[in-house]
């Protein structure tokens, strides 16, 4: 029996993904988890053919959970399922061990196609993400400034560039204001930027935010 675990903290989106996968894989078992803690309990409780993982989870980055899944159960393929466009996270998640990246505004049939392809041992990326990967391979050794950031720093950078305050970021990411401020200081130093306005300008110029 095909067993797929869907990890997403939004009930409506999670239910939609479950329904699409149930229809695409008749007779399969589709499990659900709404948090990283529930996800790890489910992962250890049984054998799964695929994990569909939201990149934005309460209190923890989906990329962090991806790394833990690949460390604990390296044989389970993971499809990242995200509201963020490919430009923001696709290459980063693929380097972290994901077998595919799909945006939540994709047609339902594409979720089934991605799941089929990955469970056969392949990878799944959209044409836009594939083009970005090729472009990265063609670049010289000097990587874009944001590639120097850790996953957590990168997440904080995108949130600041998107207009969120340090306090708002701390609440969403379940961190202290002091910790987020420390991340901000590191980001500015690593990227050679002076303030939030320059950070926003950089993110817009590099099409990391819209």
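Every number in this text was worked out from the coordinates using simple rules, so none of it is lab data. The structure presented is a predicted model; accordingly, all values stated were derived computationally and were not measured. All Cβ positions, glycine included, derive from the backbone under ideal geometry; neighbour counts span all protein chains shown.
Using R0 = 30 Å, the C-beta based FRET efficiency linking residue 119 and residue 197 works out to 0.10.
Just to confirm my numbers, what's the Cα centroid distance between the stretch 155-210 and the stretch 38-89 in Å? Each part's Cα centre sits 24 Å from the other's. Relative to the dominant Cα principal axis of the chain, helix 36-45 is inclined by about 30°. The alpha carbon gyration tensor of the stretch 145-205 gives principal lengths a ≥ b ≥ c with a/c of 1.5 or higher and a/b greater than b/c, which makes the shape prolate. Full extension of the segment from residue 171 to residue 29, taken as 0.36 nm per residue of separation minus the current Cα-Cα distance, would add 47.7 nm. Of [x] 49, 35, 28; [y] 56, 39, 29; [z] 58, 43, 34, which one was derived for Cα extents along the principal axes in Å from the structure shown? Label [y] holds the value from this structure. May I ask you to derive the FRET efficiency for residue 145 and residue 22 from their Cβ-Cβ distance with R0 = 30 Å, giving the value to the nearest 0.05? Rounded to the nearest 0.05, the efficiency is 0.10. Going by neighbour counts of Cβ atoms within 10 Å, the residues 78, 51 line up, fewest first, as 78, 51. With the simple spin-label model, which puts each label point 7 Å out from Cα in the Cβ direction, the residue 104 to residue 41 separation comes to 2.3 nm. Computed from Cα positions, the angle between helix 127-138 and the longest principal axis of the chain comes to roughly 50 degrees.
DSSP bridge analysis restricted to the chain gives an antiparallel fraction near 10%, rounded to the nearest 5. Between the helical axis of 196-205 and the longest alpha-carbon principal axis of the chain there is an angle of about 60 degrees.
Would you mind classifying the stretch 170-210 by shape? Square roots of the alpha carbon gyration tensor eigenvalues, ordered a ≥ b ≥ c; an a/c under 1.5 is rounded, otherwise it is prolate if a/b is larger than b/c and oblate if not. Oblate, since a/c reaches 1.5 and b/c is not below a/b. The tail of the calculated P(r) for the stretch 29-87, taken as Cα-Cα distances beyond 19 Å, holds 21 percent of the pairs. Helical content of the chain, expressed as a calculated mean residue ellipticity at 222 nm, amounts to -16500 deg cm²/dmol (DSSP H runs of 4 or more residues, -39,500 (n - 2.57) each, divided by residue number, nearest 500).
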